[in-house]
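Each remark here refers to the structure printed beneath this line.
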Protein chains: 2
Amino acid sequence: MNVEFINPFLKSITNILSVMAQTEARAGRPVKKEDNVAMGDVTGIIGMAGQQAKGSLAITFTEPVILHIAGQMLGEEVDEVDESIGDMVGEITNMVTGGAKRLLSEQGYKFDMAVPTTILGKNHIVSHKTSGPIIIIPFDTDSGKFFVEVCFEM
Amino acid sequence: MNVEFINPFLKSITNILSVMAQTEARAGRPVKKEDNVAMGDVTGIIGMAGQQAKGSLAITFTEPVILHIAGQMLGEEVDEVDESIGDMVGEITNMVTGGAKRLLSEQGYKFDMAVPTTILGKNHIVSHKTSGPIIIIPFDTDSGKFFVEVCFEM
């Protein structure tokens, strides 16, 4: 998996958080997941499947970051991670993947998106079962870090 | 979503746990998820996408159940939920969906499978962001309960 698969997800998430939540997300260096694990409190996951490639995306937020983003999106302070936050993370995951899908489609890669799943729970760990590489991209915001994990099998 | 979409997943999981882990899993009555939530310690998730339908499957185990299943599959006692258990749950999720995919294909429903993701973390809650119904099937085993959540959009 090369940079042309990663960049569409980077672009899509920075764009969506900027437009929807007026939040600047600064991407760190993407690394291959080996000992690195994404740990957080809310995760959105979506599968992608097509003839050429299949994959999965997970966006894992820590509580302070998602409370900030939710507050920006709703226009009022949010102080608890509950099911409505889970729904919002599902929606963000869907939009990020939709944006990346359009960009990848321009590069000739076609896939269909599955239905997003969200996980709520303090300090959970996300991993992927894949024969391909897993790339983790750390993001920094003014309210803390979050992690995007992408894997694709060709 | 009707019973012809649910039964292939029921059959597939009882078959796989019986063959791979000599574990009898008794399916309870499938219910529509409304206030019901699947809560557990290890979850395997996989997306499904195709022209006719897209969906997502989550299998959520409590710790005692997955330790028992892992012990049966490995032929030795397992006393900790770690990344290798996560891998095993990813593999079970993949096999269950592969089995259901074959059965659904005989009924004329085609989809591609995404890559499984697993979550480790005490007492996490799983939910799906979908416009379609979400069905939860509780399963009972001699070592405790687990939950299968299926959603499909047509």
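The values are calculated or read from the model by the stated rules, or taken from the named source; none is laboratory data. These numbers were taken from a predicted model, which means no experiment stands behind them. Quick reminder, even Gly has a Cβ in these numbers, built from the backbone with ideal geometry, and neighbours come from all protein chains shown. For the accessible areas, the whole protein counts, side chains as well, though only heavy atoms, and no ligand, DNA or RNA atoms are used. Shrake-Rupley method; radii C 1.70, N 1.55, O 1.52, S 1.80 Å.
Condition check ((1) touching a residue at least 24 places away in the same chain (Cβ under 8 Å); (2) within 10 Å of another protein chain (Cβ to nearest Cβ); (3) over 16 Å from B:L67 (Cβ atoms)) across all residues:
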position	(1), (2), (3)
B:T93	yes, yes, yes
B:L103	yes, no, yes
B:T117	yes, yes, yes
B:G121	yes, yes, no
B:H128	yes, yes, yes
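Output the residues belonging to the range A:37-52 that are farther than 20 Å from A:I119 by Cβ and at the interface with chain B (Cβ under 10 Å from one of its Cβ atoms). Even if it seems obvious, please write down each step before you answer.
Residues of the range A:37-52 farther than 20 Å from A:I119 by Cβ: A:49-52.
Passing the criteria: A:A49, A:G50, A:Q51.
Among the residues in the range A:139-147, are any among the aromatic types (F, W, Y) and in contact with a Lys or Arg (Cβ under 7 Å, 6 or more places away or on another chain)?
Filtering the range A:139-147 down to residues among the aromatic types (F, W, Y) leaves A:139, A:146-147.
Retained after the next criterion (residues that are in contact with a Lys or Arg (Cβ under 7 Å, 6 or more places away or on another chain)): A:139.
Among the residues of the range A:139-147, at least one is among the aromatic types (F, W, Y) and in contact with a Lys or Arg (Cβ under 7 Å, 6 or more places away or on another chain), which makes the answer yes.
Report yes if some residue within the range A:125-137 is modelled with pLDDT of 95 or more and open to solvent by 20 Å² or more (accessible area, probe 1.4 Å); otherwise report no.
Pass one, the range A:125-137, residues modelled with pLDDT of 95 or more: none.
No, every residue in the range A:125-137 fails to be modelled with pLDDT of 95 or more and open to solvent by 20 Å² or more (accessible area, probe 1.4 Å).
Restricting attention to the range B:24-34, does a residue exist that is within 12 Å of chain A (Cβ to nearest Cβ), over 15 Å from B:A100 (Cβ atoms) and either in contact with a helix residue (DSSP H, G or I) (Cβ under 8 Å, 6 or more places away or on another chain) or open to solvent by 20 Å² or more (accessible area, probe 1.4 Å) (or both)?
Here is the first cut: in the range B:24-34, the residues within 12 Å of chain A (Cβ to nearest Cβ) are B:33-34.
Of the ones still in play, those that are also over 15 Å from B:A100 (Cβ atoms) are B:33-34.
Cutting the leftovers down to either in contact with a helix residue (DSSP H, G or I) (Cβ under 8 Å, 6 or more places away or on another chain) or open to solvent by 20 Å² or more (accessible area, probe 1.4 Å) (or both) gives us B:33-34.
Yes, the conditions are met somewhere in the range B:24-34.
If the requirement is being touching a residue at least 24 places away in the same chain (Cβ under 8 Å) and among the charged types (D, E, K, R), which of these qualifies: B:D140, B:D79?
Numbers: B:D79 fails: touching a residue at least 24 places away in the same chain (Cβ under 8 Å).
Matching residue, one of B:D140, B:D79: B:D140.
Can you tell which of A:V42, A:V37 is touching a residue at least 24 places away in the same chain (Cβ under 8 Å), surrounded by fewer than 20 Cβ atoms within 10 Å (Cβ to Cβ) and β-branched (V, I, T)?
Details: A:V42 fails: surrounded by fewer than 20 Cβ atoms within 10 Å (Cβ to Cβ).
Among A:V42, A:V37, only A:V37 is touching a residue at least 24 places away in the same chain (Cβ under 8 Å), surrounded by fewer than 20 Cβ atoms within 10 Å (Cβ to Cβ) and β-branched (V, I, T).
Could you check B:C151 against (1) within 22 Å of B:D41 (Cα to Cα); (2) open to solvent by 10 Å² or more (accessible area, probe 1.4 Å) and say which number it fails?
Unmet condition: (2).
Residues in the range B:130-154 that are out of contact with any Leu (no Cβ under 9 Å at 6 or more places or on another chain), polar (S, T, N, Q) and more than 7 Å from chain A (Cβ to nearest Cβ): how many?
1
Quick one: how many residues across the range B:19-33 are assigned to a strand (DSSP E or B) and not basic (K, R)?
Residues of the range B:19-33 that are assigned to a strand (DSSP E or B), as a first pass: B:26-27, B:31-32.
Filter once more, keeping what is not basic (K, R): B:27, B:31.
Selection size over the range B:19-33: 2.
On the given criteria, is B:G71 touching a Pro at 6+ places or on another chain (Cβ under 7 Å) and either over 18 Å from B:P116 (Cα atoms) or free of Cβ contacts under 8 Å to residues at least 24 places away in the same chain (or both)? Reasoning before the result, please.
Numbers: touching a Pro at 6+ places or on another chain (Cβ under 7 Å): no; either over 18 Å from B:P116 (Cα atoms) or free of Cβ contacts under 8 Å to residues at least 24 places away in the same chain (or both): yes.
Considered against the rule, which asks whether it is touching a Pro at 6+ places or on another chain (Cβ under 7 Å) and either over 18 Å from B:P116 (Cα atoms) or free of Cβ contacts under 8 Å to residues at least 24 places away in the same chain (or both), B:G71 comes out as no.
Output the residues belonging to the range B:57-113 that are among the aromatic types (F, W, Y) and open to solvent by 30 Å² or more (accessible area, probe 1.4 Å). Step through it out loud before you land on a result.
In the first step, residues of the range B:57-113 are kept if they are among the aromatic types (F, W, Y); the result is B:61, B:109, B:111.
Scanning the range B:57-113 gives a single hit, B:Y109.
All but one of (1) touching an Asp or Glu at 6+ places or on another chain (Cβ under 9 Å); (2) open to solvent by 10 Å² or more (accessible area, probe 1.4 Å) hold for B:N15, so report the exception by its number.
(1)
Considering A:E80, A:E63, which residue is modelled with pLDDT of 95 or more and more than 10 Å from chain B (Cβ to nearest Cβ)? If you could, list the steps in order and put the result at the bottom.
Numbers: A:E80 fails: modelled with pLDDT of 95 or more.
Step by step, each of A:E80, A:E63 is checked, and only A:E63 is modelled with pLDDT of 95 or more and more than 10 Å from chain B (Cβ to nearest Cβ).
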